[in-house]
Amino acid sequence: MATPRELTISSVMTQTLTPTIADRLRAIVGQNHVITHPDRLVAYESDGLTAYRVVPRAVVLPETTEQVSRVLAVLHGEGIDVVPRGAGTGLSGGALPTPDGVIVGTARMNRILSIDEQDRLATAQPGVINARLTEATAPYGLYYAPDPSSQSACTLGGNVAENSGGPHCLKYGVTSRYVTGLTVVLADGEVVRFGGAGTEAVPSLDLVGLFIGSEGCFGIATEIEVRLLPAPEGVRTLLGIFDTMEAAGRAVTDIMASGLMPAAVEIVDHATIVAVEASVFAAGYPIDAGAALVIEFDGTEAGLDDDADRAEQCCVAADAREVRRATSEEERLGLWKGRKKAFGAMGRIAPDLLVQDATVPRTRLPEVLARITEIGQEYDLKIANVFHAGDGNLHPNILFDRQNADELDRVEKASREIMSLCVSVGGTITGEHGVGVDKRGYMPLVHNEVELEMLRRARWVFDPNGNLNPGKVLP
Amino acid sequence: MTLVHELRSALPDVAVRDPSELGGPIWPGMTPEFVASPSSTEDVSRLLVWAAQEDLGVLAVASGSHADPVSDGRFVALDTSLLSGIEEYEPADLTITAGAGTRFATVDDALRENGQWAPFDPPAARDRSMGGLVSEAAHGSLWAGYGALKNHVLGATVVTGDGRVLRLGGKVVKNVAGYDLLRSVVGGRGRLCVLTSVCLRAFPLPPQERVLMISAASVAELIDSALAVGTAPVLPVSIVVAGPLEALDGRAALVVRLHGAESTVDADQAILETHVGTSFDRLTEASDGAARILSQLQDLGAVEDRCVEVSVLPSQLSGVVSAAADVGLGPMVVDSYAGRIRIGGSDLGVDPVGTLREAAEQAGGALRIVRWGRADFPTGTPQSMATAMLSERLESIFDPGGVLWPARS
Ligand SMILES: Cc1cc2nc3c(=O)[nH]c(=O)nc-3n(C[C@H](O)[C@H](O)[C@H](O)COP(=O)(O)OP(=O)(O)OC[C@H]3O[C@@H](n4cnc5c(N)ncnc54)[C@H](O)[C@@H]3O)c2cc1C
């Protein structure tokens, strides 16, 4: 695996783009939309995983599918690598530039192209911010279900590339359940259309499904057709406070076994509560609590109180110290605050934060969490856990300072141990943040050489020359 | 030495039978050289390698309901029925793994004993194998509430055409590390690989199911109501129009299913009735013929010798349903939320199906031949050149030697 230090800005020489190529690109996207000045390029040197930094050769910002196609054709012809980029909130280094590559960013491709109320579909350009789609469809009583915690910043294109989830994906499923069709520009500039609502009877392999989660390696999605859902009539939100993580885990198991279908079940651990309460985001969670559990139900008003009562009983039976229930939207946001602001709060107590991501069978959560605490102690690192408990998707967050080489080394070792642990109990190395550059080295933990070779060939199917997002996903 | 003897000596653990023992042709007019029944993933792999050496095609069959029309050539039927049994089931994790030859009924029963289920109900589901369901991405009417089958398949063990064993996905809900090859296998109709084991996501059984119905003389008359249900502020788990139904003396029915607690489904029903402007009959176990109506609804058209499927946007359904009625096609089942129409019958004609295909394509949709027999089958909507090229490349990485039978069609 490439270590963060190998890839930091200081150790990689970025090549500049020749004026001729830059001019050809400017002729396609407009004078102001090809960035080559080093001062401006620095803004693109990393995504949400700040341990890795590389300044790109240039950034190109097209506005339409046709422009993307022409830009890719030029870069393909010149043999220049392309790194697609949305909002750069990715947490696995997926949009990390390569030193001799060009970033093709979707920031200007931010138009919602259509909203079809009758068929409950919307088509948008990839640079549309996730939350904006829900805002735009709200007047029709509709919304877009996948809700990554970064939804006020991340783009639909990034969501497609990472198959993003979010707190409410427990009930509603992740991005792949909602994307019905894609327009994609392949590495050589060819424009292809995958799927499309109403064309399911075409006897094609599921190329939409295969493209989703391909982390920018198969093509650039330039139009995304998604299915919308009717906005739920009501919502009930509970916050359970527990003395121990183990007790909170029991409550989750009981809730899930009881036949209830919560929209979200999220846990924050003691270390996270302490960080949040010490920050400007203080949410009123007791700082001596072992864990806090946010449970939410949504749907038709009539049944919601019953559901919330039953979930509360599960918490009480698991020895919850206290169960709070929101009675207004303001209170609801208050109960969520400790969960939603967790990353922000942690970011303020350490210079760097590595948001890890792995999935384990839900029944193995307690033992995995206990072992993660031990790993933190063994490597003298602060690890705080926030996670989607309903589907066993963990986010152990490691706080560190990247200027401290020794600490960085311990972060890498602890990360590897956490990943091996999750795999050893039947889980995997990523739940929703993708492999990117960060987890390439862990791929052999989950795939043997035959499977890895198959993944390489799958990439070849879409991008035979390997110019799109090289150095990502595969070890 | 005959082929069968050669196989027996090369793979002594693989049971080999004469095709006549299968109880009928795999599909009309086609007879495999023999039927091989491996009982492990390793034997499936060895069988595929052996078949490639012998220049034989291989077609995986389980329940024998395989449907794609294929071209001529010598082939072996790979019967998956010995790859059977539940391999792992942890109710608290809501996941279940079973051999690809396991009948869905076995999985369904195990889940229901624990208050769980797998929410899909394709035609004749209980008699079909897990591998068959997954490779066809078979879907039923629960699509509105639970999504397509592909959303429920968490992982699979597969053998590629050249005998490589791949574990795709896993046994946790979010589990893709690397590109999601499993997606191309689900619905791949055996073109890419042989499935030997499948892991499904289970769901808790809903506390209540409420089944609501309106009937009318024809399917066409019910489409508008079905579309109105599909735009209501509450989303039922299933919205289906079907007819003519024997159980209703040849009338058609719009059947809507709601899942949830008693108080929730009461409220949902009221919201739907206000939105649609009609009151529904409630079908309960005690209602006259309820079980027959529901089972006909699930299987109508699909178990016939000839069956086609149309997809269009829901808003285009009325026109396409009328076009089908105009050329006398039926009986049909319409999933108005998914925009899918299934039409089956032993007497479907090539010309009416061609007309229907035109109507579907004009409405932006497509038509697929699900089953037809050998002679004179009509063609469905083709895929685009670009996706055909990518699909071909995908086939070439899974099955470089073109051993898997349908790839040769
Ligand atoms: C505070 C915070 C909370 C988060 N919470 C969640 C969460 O709850 N759930 C979750 O799943 N993730 C979460 N994330 C991770 C991240 O937001 C998601 O992965 C998101 O989908 C990335 O979108 P983006 O637009 O920022 O993409 P980027 O980071 O710019 O890119 C991500 C990947 O997508 C590729 N890409 C971008 N656009 C395209 C395109 N149009 N076509 C092809 N490839 C493209 C890039 O090459 C890269 O590989 C969180 C991140 C942060 C910082």
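Given A:PRO97, A:PRO139, A:PRO126, A:PRO84, which one is at pLDDT 95 or above and in contact with a Phe, Trp or Tyr (Cβ under 8 Å, 6 or more places away or on another chain)? The match here is A:PRO97. Consider A:GLY466 carefully, then state whether it is over 20 Å from A:LYS413 (Cα atoms), outside the structural domain of A:GLY77 (by TED's automatic domain parsing) and away from the ligand (no atom under 13 Å from the Cβ). Answer is yes for this residue.
Would the range A:162-178 turn up any residue that is more than 7 Å from chain B (Cβ to nearest Cβ), under 29 Å from A:ILE28 (Cβ atoms) and open to solvent by less than 30 Å² (accessible area, probe 1.4 Å)? Scanning the range A:162-178, I find no residue that is more than 7 Å from chain B (Cβ to nearest Cβ), under 29 Å from A:ILE28 (Cβ atoms) and open to solvent by less than 30 Å² (accessible area, probe 1.4 Å), so the answer is no. Within the range A:214-233, the set of residues being within 13 Å of another protein chain (Cβ to nearest Cβ) and within 8 Å of the ligand (Cβ to nearest atom) comprises A:SER214, A:GLU215, A:GLY216, A:CYS217, A:PHE218, A:GLY219.
Restricting the range A:136-160 to residues that are open to solvent by 20 Å² or more (accessible area, probe 1.4 Å) and within 9 Å of the ligand (Cβ to nearest atom), the residue that is farthest from the other protein chains (Cβ to nearest Cβ) is A:ALA153. State yes or no: is B:ALA242 outside any strand (DSSP E or B), crowded, with 22+ Cβ neighbours inside 10 Å, in contact (Cβ under 8 Å) with a residue 40 or more places away in the chain and away from chain A (no Cβ under 11 Å)? Taking the combined requirement at face value, the residue does not satisfy it. Checked against the criterion of being within 12 Å of chain A (Cβ to nearest Cβ) and either within 30 Å of B:ALA232 (Cα to Cα) or open to solvent by 30 Å² or more (accessible area, probe 1.4 Å) (or both), the range B:345-355 has no qualifying residue.
Quick check, is B:GLN362 more than 9 Å from chain A (Cβ to nearest Cβ), without any contact (Cβ under 8 Å) to a residue 12 or more places away in the chain and surrounded by fewer than 20 Cβ atoms within 10 Å (Cβ to Cβ)? Here the answer is yes, as B:GLN362 does meet what is asked. Those strands (runs of 3 or more DSSP E) of the range A:267-363 in which at least 3 residues are more than 14 Å from the ligand (Cβ to nearest atom) and closer than 21 Å to A:GLY249 by Cβ, considering only elements entirely within it, cover A:291-299, A:322-325. Quick one: which of A:LEU354, A:LEU421, A:LEU381 is within 19 Å of the chain's Cα centre (by Cα) and hydrophobic (A, V, I, L, M, F, W, C)? Matching residue, one of A:LEU354, A:LEU421, A:LEU381: A:LEU354.
Candidates A:ASP81, A:ASP23: the one that is among the acidic types (Asp, Glu) and surrounded by fewer than 19 Cβ atoms within 10 Å (Cβ to Cβ) is A:ASP23.
Residue-by-condition table, conditions (1) at the interface with another protein chain (Cβ under 10 Å from one of its Cβ atoms); (2) outside any loop (DSSP other than H, G, I, E, B); (3) free of Cβ contacts under 8 Å to residues at least 40 places away in the same chain:
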| site | (1), (2), (3) |
| --- | --- |
| B:VAL255 | no, yes, no |
| B:LEU258 | yes, yes, no |
| B:VAL265 | yes, yes, no |
| B:ALA270 | yes, yes, yes |
| B:HIS275 | no, yes, no |
| B:THR278 | no, no, no |
| B:GLU285 | no, no, yes |
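Filtering the range B:160-176 to residues that are assigned to a loop (DSSP other than H, G, I, E, B) and more than 7 Å from chain A (Cβ to nearest Cβ) leaves B:GLY161, B:ASP162, B:GLY163.
Is at least one residue of the range B:335-348 in contact (Cβ under 8 Å) with a residue 40 or more places away in the chain and at positive phi? Scanning the range B:335-348, I find at least one residue that is in contact (Cβ under 8 Å) with a residue 40 or more places away in the chain and at positive phi, so the answer is yes.
The values are calculated or read from the model by the stated rules, or taken from the named source; none is laboratory data. Keep in mind the model is a prediction, meaning the values are calculated, not measured. As a convention, Cβ positions derive from the backbone with ideal geometry for all residues, glycine included, and neighbour counts pool all protein chains shown. Ligands, DNA and RNA are stripped out before the accessible areas are found, and what is left, the full protein with its side chains, is counted by its heavy atoms. Shrake-Rupley method; radii C 1.70, N 1.55, O 1.52, S 1.80 Å.
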